[in-house]
Structures are given as C-alpha cells and as structure tokens.
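The values are calculated or read from the model by the stated rules, or taken from the named source; none is laboratory data. In this text the structure is predicted, and so the values were computed from the model without any measurement. Cβ coordinates were reconstructed from backbone atoms using ideal geometry, including for glycine residues, and neighbour counts include every protein chain displayed. With ligands, DNA and RNA removed, areas are computed over all heavy atoms of the protein, side chains included. Shrake-Rupley method; radii C 1.70, N 1.55, O 1.52, S 1.80 Å.
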Amino acid sequence: MSEAIEKTTLIGKSITKPDAPDKSNGRTRYINDMVLPRMLIGKIKRSDRAHAKVLSIDTSKAAAVPGIQAIVTADDTPMVGVGVTKDNPPLKKDIVLSMRDELVAVAGETEEAVDKALALIEIEYEDLPAIFDPAEALEEGAHQMHDDKPGNLSLGYQTVHGDIKQAEKDSDHVLDEVYDVHYVTHVCMGPGCVIADFDTHGKLTMYTQTQYPYNYKMDLAPSLGMHPGDIRVIQPPVGGAFGSKLDVYPFEPIAVFLAKKTRRPVKVIFSREEEFSASPTRQPARFHIRAGVKNDGTLTFRDVDALLNNGSHTSWGATTPFVMMRTFTGHFRVPDVEFRSRAAYTNMPYAGSFRGYGNVQATYVTATVMDKLAEAVNMDPISFRLMNAQKAGEITPQNSKLEECLLGECIETVAEKTNFLEQYNAFKAEQDSPGRYKKGIGIATSFHNAGGAKIHKSDGCGTVIMLDDYARATVITGASEIGQGIDAVLTQIVAEELGIPTENITLVNNDSAIGPWDVGVHASRTTFIAGNSAKRAARKARDQILDAAAQRSNVAADDLDLRGGSVVQNDNGVPVMKIDSLLRKMHFAGEDAELVITHDYYEPPSEPEGDNHVGDISAAYSHGAYVAEVTVDTWTGVVKLNKMTAVQDVGRVVNKLGIEGQMEGGIAFGIGYGLTEEMIIEGGEIKNPNFRDYKVMTAPEAPELEFHFIENDDPDGPFGAKGIAELPTIIPAPAIANAVYNAIGIRFNNPPLTPEKVARAIVDKQAAKVAAE
Amino acid sequence: MMIEYENYVAATSVAEATKTLAEGNATVVAGGTDLMVQTAASGRGANTTLLNIRRISDLRGVALDGGRVTIGALTTITDLLTDGVVADAASILADTANRFASNQIRNMATVGGNICNASPAGDMIIPLLVLDADVELSAWRDGAVTTRAVALNEFFTGPGKCVKTEDELLTSISFNRPAEGFVGQFGKTGPRPALEISMVSVGVGGIVDNGGLTNARVVYGAVAPTPIRAAKTEAALEGLSLNEASIQSVLDVADSEVNPISDVRASDWYRRHLVRVMTQEVLQNVANG
Ligand SMILES: Cc1cc2nc3c(=O)[nH]c(=O)nc-3n(C[C@H](O)[C@H](O)[C@H](O)COP(=O)(O)OP(=O)(O)OC[C@H]3O[C@@H](n4cnc5c(N)ncnc54)[C@H](O)[C@@H]3O)c2cc1C
C-alpha cells in the first residue's frame, strides 16, 4: 500500500478568493459590463424639487428623439410600492417627496439618445413646503407627506427594562447629551445596475446586484403585478453592495416596465452621480442619551431617545433601531435601560441597510459615553470598562445570551498590546503644553450579533453538494457572493470535510432557479449560517462515502477518514482507496448504483424577538476592542490616524486572508465615517455627489493596522467560527474620537471629525480660555 | 452625459493645431484630466471638434537657456518631479508636483492644462506666480503662427476664465532662473494627503536675507475668483526680519487681503484660518532656514 497521509487542516489557512485572479487582471464581467442581444438602455428622469405637486409631464419632444423605444410614467404602472413598508411606488404620480423621486423612464437604442430624450422632458411643478429636519416633521401642523402616515411618523421602536427613575436616583453622576450622526453612503465601485428580460411566456429574468435573491422575488413581484414564481434572479459579479442591495429600489421595477413595453431586454445603470444621490444612505440620527454611574464606577442606567430622519420613503434605514437597541441595552452591564426611537418622514434622501446596521451609529454614542463616564468618576478608560464588562454566561436585558463573553479579554489584550495607559497618561499631560502637533490614544468596544439574526421567519440557508466520477465537488449554496469572500470560505469548509483539494470544488450561487433558499447577505451571518449548512451537507456526503468505503474494505466507517483525495485509516493514515475510484464504483454498481448528492437546510438555534424586543436573536455574539492612535494638527485641524489595533472575538478563523480583508475594508469604512465621509445635503439636494468632494479614505492615509483574533471556538459555529463582516466597521470612529479627546481635550458629538470642525473647536476653546483669563 | 464630437484632430505641430483652432468650434484636449471630468459631468467643453495636442512633441519638456527656464505646455506633472533643470533651478515646482493628485493623474496631467483650466485652486499656478512666470500664446493669423507673451499674473480673469482667446494655444511657460539665495515654499491643505483639491494653497518666495525675504512673493489659491498675488502682504514681508511677532503682523495683512467664499469644500471662516496658519508655517520654515 502507498504511503500514509498525515492529517492536516485547511481551517485558519489563507485561501485566495476564487474570483480574485480574474478581478485583479480585469477579466471579470461585472453586471455593468453585460450586453444582451437587442438590449436597450433605460434611464430615469427624477424630480428636481424636494417637495412639489406635479402639474404636468410632457414627453412628446422626448418621444420624437430618434432611437427612443419607450417612455413610461406612473400611469403605465400598477402603482404598488416597493421597500420595507411598501410606501415607495417605483414611478411617482402627482406629488414628489424628494429630489431623487422617479417620474419618467425612457428606453432607447443608445445612451446618447436616451440622454437627449431625458433633457427634452418637460415637467411643471407647484412647490409645496419642504421639511428637512425630522423634529420639524413631527411638529403639529407639519405638512403631511403620506396620507396613511399621520404625524409623519414612519417606524418606531421601544424597549423598557427595569426602573430608570429609581436607577437615576441611585446614580452619583448622570450624563445628559445629544449626538447627531450624519449621512454617509456605500460608494460601491460598481454603480447600481439591473437588466430585465422577458421570455415569450411572460416569465421574467432579472440580472441584478441583489444580495437577497430569494425574498427579492417576493418583494419585487407585487410592484409588477406578477407572481414571484415567474421571476428568475441571476446574480452576475457585482462591484460591492455592503447592504445597499438588500431591498428592492425603484430602478429595478422601472427596468421591468420598460422591458415589458418594448419586449426587449432593458438595462438601467446609474451614473456615479446617481449612485450618490439615488442609492440608499446610512441612517442619520439624533440621539438624546442619559446615562448614570456610581462613584465606584458601576453603571446604573441608560435612557436613549433616537430621532431618525426617515427621508421621503422607507427602506431598511428606518429599522436600524432594531440593532441600535441591542448595543444600548446590552453593551456592558447596565441593569436599567430604556430605548425609544421614532423615524419621521421628511423631504430628504432615505437610508437603507449598510454594513454595521445601526450599530455604527449606536457605538459612536456608547463608546464615547463610556469614556465620559469613566472621566466623571476619575477612572481610567480601561479599568472602568473592565469593571462593567459582562462575563461568560451573563444575559443582557433583551435576552442576548453571552455564553462565551470575551469582552474583558478583548479589552485587556488591546490595552496590553498598545501600552494603552502609559501612552494615555503621557498624552493627557501634554494636552495644554505648547506645540502644534498633539498625540492621542483612544479605545472603543463593540457588541454585535455574529451568528445571524432572526428577523425573518427563517434565518436559514440551503446547500446541495454533488460529487462527480472524478471526485470533483459542485457546491450549490443559497448564499450570495457580493465580494465578501463566502466562495472561499465554503470551498474551504467542504474541502476540509471531504479531504479533497479546494481547486476541485466548483461553487454555484448565482441563479435562483438552481440554488436553495437563503435569507440573504446581511447581519454578518453568511460564514456562520451558510458555513454550517455547507458543512452539514458535506458531512452527509462524507458519511455516504465512508459507508461505501467500509462496505468495500475490512475497516469500519468510524475508523476511516478522508485525506488528500483518499480514504485512509484514521489511526495511521494508510490509504485504503482513492475517493474518485470509490465514487466510480458506487456509481457503476448496477442495481445498487448511487451518486453522492446531498443537501442540507440549516436553521440556527436563535429566536425571534417577542414583546418588548426580548429574544436571543442570534446564535452567537461577538465583542471587539480597538485602539486608535492619532496625531492632531492643531493649526489645520487635520487628524492623522497613525495606527489602529484591533482585537476581535472571532470564534475561529476559517480563511485568514479573508478575515484580514474583511477587517481592513471594514476599518476603512469606519475611518471614513469618523474622519472624512459626509454627504452634504442642502434643501434636500446632495451637494457633493462625486469622489472629489465626498471624501473616502485613499491609500496614503491608510493607518498601520494590527489585528489580534481571539479564538475560542463557538459551540454552534462551523469549526467554531463566528461572523465578522460588519464588526470592524463599528468601532473605528468612536476610537478615533476618544483618541482626539485624549490629544486635545475636545469632544465631538457630531462625526465626522473633519479638519474644519476640529480647527473651529480648537479656536473656540482657545478663545474661551482667553475670555476666562 | 455622453458627448458626441463630429471631428477629431490629432495635431502633430503647433501650426496644424493653431490652424484647426482658427477654423473655430474646437476644444483642446491635453491630458484630459480636467476636460473629461467636466464634459462627463456637465457638458462643459462640448464642441464640434476635439483637438488632441498630445502628439506635438515640441511642447513637452523643460529647458534652461540664457538664464531663462522654459516649460513646454505639454510637460506633465510627473515630468516636473523628475526633471533635472527643475530640481536645480526651481525646486518649488517639484515640491508642488509632489502634492498634486495621484501618480496616475500626474502621468497624464499637463502644466498647460492646469493653467488653461484657470481654476482658482489650480496647484501649479501658485509656484509659477511666485516665479513671475509668463505664458506664451500661439495663434494662426494671416497664414502663419504668431505668438504673444502674457504675464501669468495678468492671465486669469475669473473662475475658468482667462485672457487666452478661442483661437489661441498655450505653448509654453517661462521665467527667469531665480537668483542665488532664492527659496520658494508651497503649502496645501485638505483632509487627505493625496487626491485633494486645495481648500487653500499658498506659495511664498524670495531671496533670503538677514532672517527675512527680499523680492518677496506671496500667492494664494482658492481664496478669490482667481489665484492671487497678495501685494500688500508682499510689501509687509519685504525685508522684514522674521520672528514670531513679525510673522503675526504679516498674517494680519494677509487676512485683510484675501476674500474667500464658502462652498462645499470649506467655509470662508476656515479658508481665512488656513491662510493664516499656512502662511505662518511657510514663513516659519523660511525663518528657520
Ligand atoms: C482625480 C483628479 C485629481 C486632481 N488633482 C489635482 C490637484 O491635486 N491639483 C490640481 O491643480 N489639479 C488637480 N486635478 C485637475 C487636473 O488634473 C489638472 O488641472 C491638470 O493639470 C489638467 O491638465 P490636463 O492636461 O489634463 O488638461 P485637460 O483636461 O486636457 O485640459 C484642461 C483645459 O485646458 C484646455 N487646454 C489644455 N491644454 C491647453 C493648451 N496647451 N492650450 C490651450 N488650452 C488648453 C482644455 O481645452 C481644457 O479646457 C485633478 C484631476 C483629477 C481628475
């Protein structure tokens, strides 16, 4: 017999994403590059008023442009809304509620012809009073935006635990502050794009960027007056999504209306300006927080009022309090907590889901409030947090079960790795001494679901695995690949179970007619949920193979293992037979013939929220503690982030390269949120819809990054892994804000900390000091 | 927005290019880093003919002749970073190039394009004003190429506007090699170290003498409709021995001389603030040698 094969593992190794080579050498054909035969280009004429009556729309000149094949308005559509509360008809009639509102759509042979036609559409408006501030929208007598939404109220949330009145009496210090967090957007490299194509039976194929292909059909169908079963969803490669493709947005049904009218495939693709102005934003909010502490450092209560600018229509942004409240109630041990939120309709853009989902906003508040409370009781930022950190086995007021709580370990590790307290004290002592450049160090921590989130009836994912005669595996998963790297992780997991090389695995996950159901890419769930499903399906295939091998050898299945393409004896690694020849024997066995085709549907052991938003909604939770080190130029106000040290509880690293990529990308989002990114919106109009004036981080200012992954297998995670995707976006901004405070003694309750904002605060502080003297 | 040009001309000589311009309705493209962005966004620059001048090889490069430095209009920002004459005679140009855009843009962007775009925030204009540069404009008139020289200081008339007429091509920029003891400093601010349109830019130059500057030049970008030479600030600086107090007095003059606006990039307050701190920075650098 041939030589023994040692047991090795792929888990924790760095695996290159299968799509990476094509993406880096320009071979990938993104949806934006796709051309179907006879395909037309569709474009949208939007409102140029924030709030107005539409008196007339004249498309006669546009229709006369050579090459124009169809023009549609609301009159040609069922007028059924899309979006989370279905309040957003794809084409608007009579009234426009924001600058992005869709009024007319045109399809033509070329982009030039369609541009010409759009410019010739004449629309008459009568302006109505516009409201941009959510507080104003809630005032009595404010203009009503939607007939069925009295008082301009969109969604509201409330959760109440304990007695905050009593807790306040028991507090030695109470902090009472208001925060305003801003608008940012996803800035996907590939702008919004969809192609709609009907066959002669009236069945629709959607080529889309969606990150939730199965429920997408259900959400899209009513706006088209179609049955969801008649829609097939194809997902070509996309240039980023980050949550922005988790809902149906008007341009998608609009492409369908145009395709239906012309009986030709129609592609709608956003310009970069539209990508800024007509795709969803991150939810902005105003938080009023009151938080108490005892002199000994014990947290007593938190009371939070959140006012959300809903914008003109409702997408996932208005539901982000669902995640915000878990942080306000459950991050650190706070016995008595209340959280209330209201989202108010205004004539502003609307927010969608965005990596971090409300927790980026909530953690900006909690992490800076923790710093302020520590100072109020004269404790250092580390001991104060450690003293209030939950321990394993504790349960939060909303019933998140912290079975493996590693918050304390994260804090201790990051403090030690950065020599935190020594640096902190030294910088603090330097705050008021002369000198242009001031250094600072700051810590922030976070708490997030890392085992999915049961917000839908199922949080599950299905997988089908097929092995061919050559021991090549096809893995069909419901999980979408939107750049996050699930293709690599699933390949790795299946290869690990089946003892075959990763390059012998083909992943299929881009066609709703082939793949089994999955709820979608969100909630940092895919490695955990799709990973478990793939692992379980692979385990079934493995069992089938081992049983067959046992029948064909003298060794019991339990004593066999799959390694390096062979069935081997578990104890000594001696090969018994090749997997591929075994598979052929199984296949060509006459009446006993069998193929190895397995499937699995995994539903995580989490529970939906009940009354008062109580429920263990995720199968796992993760904590992180990050430290930012900054230099503030006190003259220009420029904050330079020198280093970010991140300690994250990850359960177990599956793909090392993948997790590091997620950390780097997520931190870049977080830095942009904290320092430079901001949509400037005046009168409902976005004033910086371009990369020149909307400042995303670029390579030269990327800080030094240091990662420490705390690995402590999650009992339910695949190979012990927890989710990661959103987690690194959550902490950087408040860590930076706390570091800036350490450097210059100024707090900012309104990110981003732009040079102008910082410079102004420094000048004001100096002026106040002079005035006091 | 898509723009359709009817004609495309890739000229290989100044004569061919100026003849095309004389026929009218032509837009010049050099590196295209301003033009392509502007036409895509707003249709600005749209015309019947697109005139590519990048194949006129005579217009690229830096020469030193008889004490005068001449920079061809098609010299790229990257060229300035690597050119020996620039390093030796006018390193402020290389310092500025080093703060300009990104490597990719620097490879395409030309000095002539930066000037003709006439942005109040155009970076290369600042050091060229410090160096008292002239521009050479060429046109096809009466059957031949004719040229005229215009002081850069008199070239700009407003945002995106200059005295160059539609039939003129900017062919070169020239200035006297600065005298012994000249120092020039450029400063620029934005939240990012690269790919940043200046919120404010500042250029200071002069001959170091006795802890101060003679023949002082002070130039600001993005604080007025055009890049400006700050004459009063120059006068205040002339021969002044630089120390903390005297620098403050110069800053007060500078503050009175600029008239910035508020826009999406910065408020007028912040631009004024930057004028002060950035001028302070370059003057301190001069004072400290
Ligand atoms: C990402 C990015 C970053 C940038 N960063 C900076 C920066 O940091 N600093 C900065 O100053 N600018 C910056 N710019 C703007 C631009 O790159 C510069 O202004 C550049 O120098 C323009 O040169 P060009 O050759 O590309 O000009 P083009 O775009 O080819 O032309 C600009 C204008 O000048 C005209 N023109 C060009 N050459 C001539 C000529 N010889 N005679 C007559 N007319 C002419 C054209 O018709 C056009 O109107 C940036 C641009 C981009 C896209």
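Numbers below:
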{"quantity": "In region B:194-204, residue most open to solvent (accessible area, probe 1.4 Å) [restricted to those that are within 14 Å of another protein chain (Cβ to nearest Cβ) and of a type in the set (Gly, Ala, Ser)]", "calculated": "B:Ala194"}
{"quantity": "Pairs, first without any contact (Cβ under 8 Å) to a residue 12 or more places away in the chain in region A:391-410, second open to solvent by 20 Å² or more (accessible area, probe 1.4 Å), C-beta under 6 Å, six or more apart", "calculated": "A:Ile395/A:Lys401"}
{"quantity": "Residues that are farther than 30 Å from A:Asp693 by Cβ, open to solvent by 40 Å² or more (accessible area, probe 1.4 Å), in a helix (DSSP H, G or I) and of a type in the set (D, E, K, R), drawn from region B:232-269", "calculated": "B:Lys232, B:Glu244, B:Asp252"}
{"quantity": "All positions within region B:245-281 that are among the β-branched types (Val, Ile, Thr) and within 12 Å of chain A (Cβ to nearest Cβ)", "calculated": "B:Val264, B:Val275, B:Val277, B:Thr279"}
{"quantity": "A:Leu562 being within 37 Å of the chain's Cα centre (by Cα) and among the hydrophobic types (A, V, I, L, M, F, W, C)", "calculated": "yes"}
{"quantity": "Matching residues in region A:681-714 - criterion: being open to solvent by 40 Å² or more (accessible area, probe 1.4 Å), of a type in the set (A, V, I, L, M) and within 13 Å of chain B (Cβ to nearest Cβ)", "calculated": "A:Met697, A:Ala699, A:Ala702"}
{"quantity": "Qualifying positions in region B:183-199 - away from the ligand (no atom under 13 Å from the Cβ) and within 21 Å of A:Phe691 (Cβ to Cβ)", "calculated": "B:Pro191"}
{"quantity": "Selection count where residues are surrounded by fewer than 24 Cβ atoms within 10 Å (Cβ to Cβ) and away from every other protein chain (no Cβ under 14 Å), scope region A:618-657", "calculated": "5"}
{"quantity": "Subset of region B:79-97 (residues that are open to solvent by 40 Å² or more (accessible area, probe 1.4 Å) and either within 22 Å of B:Ile53 (Cα to Cα) or touching a helix residue (DSSP H, G or I) at 6+ places or on another chain (Cβ under 7 Å) (or both))", "calculated": "B:Leu81, B:Ala87"}
{"quantity": "Filter result for B:Leu35 (away from every other protein chain (no Cβ under 14 Å), in contact with a strand residue (DSSP E or B) (Cβ under 6 Å, 6 or more places away or on another chain) and within 9 Å of the ligand (Cβ to nearest atom))", "calculated": "yes"}
{"quantity": "Residues being closer than 18 Å to B:Ile56 by Cβ and crowded, with 16+ Cβ neighbours inside 10 Å - total across region B:1-32", "calculated": "16"}
{"quantity": "Scope region A:720-764; condition open to solvent by less than 10 Å² (accessible area, probe 1.4 Å) and of a type in the set (S, T, N, Q); matching residues", "calculated": "A:Thr729, A:Asn738, A:Asn742"}
{"quantity": "Verdict on B:Arg229 being buried (at least 16 other Cβ atoms within 10 Å of the Cβ) and within 13 Å of chain A (Cβ to nearest Cβ)", "calculated": "no"}
{"quantity": "Single residue of region B:99-116 satisfying the filter (open to solvent by less than 30 Å² (accessible area, probe 1.4 Å) and within 14 Å of chain A (Cβ to nearest Cβ)) that is farthest from the ligand (Cβ to nearest atom)", "calculated": "B:Arg106"}
{"quantity": "Close pairs from region B:171-193: first open to solvent by less than 30 Å² (accessible area, probe 1.4 Å), partner among the basic types (Lys, Arg), Cβ under 6 Å, at least 6 apart", "calculated": "B:Ser174/B:Arg68; B:Lys188/B:Arg99; B:Pro191/A:Lys695"}
{"quantity": "Subset of region B:60-85 [in a loop (DSSP other than H, G, I, E, B), within 13 Å of the ligand (Cβ to nearest atom) and small (Gly, Ala, Ser)]", "calculated": "B:Ala73"}
{"quantity": "Tally of residues being touching a residue at least 40 places away in the same chain (Cβ under 8 Å) and either acidic (Asp, Glu) or on the phi > 0 side of the Ramachandran plot (or both) across region A:295-329", "calculated": "4"}
{"quantity": "All positions within region A:137-152 that are open to solvent by 30 Å² or more (accessible area, probe 1.4 Å) and closer than 12 Å to A:Ala343 by Cβ", "calculated": "A:Leu138, A:Lys149, A:Gly151"}
{"quantity": "Strands (runs of 3 or more DSSP E) wholly inside region A:170-235 containing at least 3 residues that are outside the structural domain of A:Val256 (by TED's automatic domain parsing)", "calculated": "A:173-181"}
{"quantity": "Filter result (part of a loop (DSSP other than H, G, I, E, B) and at the interface with another protein chain (Cβ under 10 Å from one of its Cβ atoms)) within region A:744-761", "calculated": "A:Pro752, A:Leu753, A:Thr754"}
{"quantity": "1 or more residues modelled with pLDDT under 95 and touching a strand residue (DSSP E or B) at 6+ places or on another chain (Cβ under 8 Å): qualifying strands (runs of 3 or more DSSP E) within region A:72-161", "calculated": "none"}
{"quantity": "Any hit, region B:86-98, residues being away from chain A (no Cβ under 14 Å), free of Cβ contacts under 8 Å to residues at least 40 places away in the same chain and more than 16 Å from the ligand (Cβ to nearest atom)", "calculated": "yes"}
{"quantity": "Residues located in region B:20-32, provided they are more than 6 Å from the ligand (Cβ to nearest atom) and assigned to a loop (DSSP other than H, G, I, E, B)", "calculated": "B:Glu23, B:Gly24, B:Asn25"}
{"quantity": "Of residues in region B:154-172 being of a type in the set (A, V, I, L, M, F, W, C) and more than 10 Å from the ligand (Cβ to nearest atom), the one farthest from the other protein chains (Cβ to nearest Cβ)", "calculated": "B:Val163"}
{"quantity": "Selection count, region A:303-313, where residues are open to solvent by less than 10 Å² (accessible area, probe 1.4 Å) and either of a type in the set (D, E, K, R) or over 30 Å from A:Glu102 (Cα atoms) (or both)", "calculated": "1"}
